[in-house]
Amino acid sequence: MYWYNEEVKQLEERKIDKKGEQLRVVFYGSSSIRLWDTLETDFPDFEIINCAFGGSTFSACNWFFDRLIVPLQPDCMVIYAGDNDLGDGRHPEEVLINFNYMMCVIEKAFGNIPVAYIGVKHSFARQYLHNSIAYTNSIIREDIEKKYTNCSFIDINKYMNPNGVMNLNYYEADGLHLSKEGYAIWKNVVSNEFLSKKNNLNGVHTD
């Protein structure tokens, strides 16, 4: 995990002050979150902290959890990870194992806080992984529905590819990362399916 150390160190050294009584929402995962540079203005009713780091896998997010996330004491979390795992040749079942591990460390550190998991997005750069991505999302969603009443699965592909056809406008030129239009979709979906639903945020602590 040494190749992540420089970026992780920079994230650790940030000075973050609690902003009044707003709920603290930590976004965590890979570059699809890290490059979301409008997060704070997209969700002005919350204290938003972007703690993602580029190229990260689910296992890397788990590895650095104690260093990056525990000190932040989030009220709720939004997670996007697994994309790079599949890109690196990991199997969907390995992604599921790492997802379950993360849910365990979240519960151990913070109790039953609300969590949203954004399903792995389809992309032009990883069309060869279409079936693996679909299967990964299906088994994670099934586990969430069976085990985690505090976790919401966000089926991002339903909104980015409503007819099963990817839209070039939602991606950067590399065919992998999101464009401004792509992030606008993510903003609306995360807001509508998670942060705007009071039942999702019941019982969160603000002290």
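Any read-out appearing in this document is the output of simple, stated calculations on the displayed coordinates, not a laboratory observation. Just so we're clear, the structure is a prediction, and the values are computed from it rather than from any experiment. Positions of Cβ are generated from backbone atoms using ideal geometry, with glycine treated the same way; all protein chains shown enter the neighbour counts.
Farthest towards the positive end of the charge dipole of the chain, among the residues Pro114, Gly87, Cys51, is the Cα of Pro114, using unit charges on the Cβ of Lys, Arg, Asp and Glu. Were the residues from Asn100 through Lys15 laid out at 0.36 nm apart, the gain over their Cα-Cα distance would be 27.6 nm. Compared with the direct C-alpha span, the chain from Val70 to Leu35 gains 10.4 nm at full extension, assuming 0.36 nm per residue.
About its Cα centre, the stretch 25-196 has a charge dipole of approximately 200 debye under the convention of +1 per Lys or Arg Cβ and -1 per Asp or Glu Cβ, with nothing else charged.
Within a Cβ distance under 12 Å of Asn161, other residues only, what is the Lys/Arg minus Asp/Glu net charge? Combined, the nearby Lys, Arg, Asp and Glu give +1. Looking at the chain, the DSSP beta bridges with both ends there are about 5 percent antiparallel.
Under a Gaussian network description of the chain, with springs only between Cα atoms under 10 Å, the residue in Phe46, Phe27, Phe153 that fluctuates furthest is Phe46. Hydrophobic long helices, here whole DSSP H runs in the chain with Kyte-Doolittle means of at least -0.5 and Cα atoms spread over 24 Å or more along the helix axis, are found at 92-110. Residues whose amide H lies under 5 Å from that of Ile154, counting only those 5 or more places away or on a different chain, are Tyr117, Ile118, Gly119; hydrogens are built 1.01 Å from N in the peptide plane. Applying 1/(1 + (r/R0)^6) with r as the Cβ-Cβ distance of Lys180 and Glu6 and R0 = 45 angstrom yields a FRET efficiency of 0.95. Which residue, Val26, Tyr159, Leu176, has the largest displacement toward the positive end of the dipole of the chain when charges sit on each Cβ (Lys, Arg +1; Asp, Glu -1)? Positive-end residue among those listed: Tyr159.
Checked against a 27 Å cut-off, the cross-linked pairs Lys15/Lys147; Lys9/Lys108; Lys108/Lys146; Lys121/Lys197; Lys121/Lys180 give Cα-Cα distances beyond that limit for Lys15/Lys147.
Full extension of the chain between Ser191 and Thr149 gives 13.3 nm of extra length, using 0.36 nm per residue less the Cα-Cα distance.
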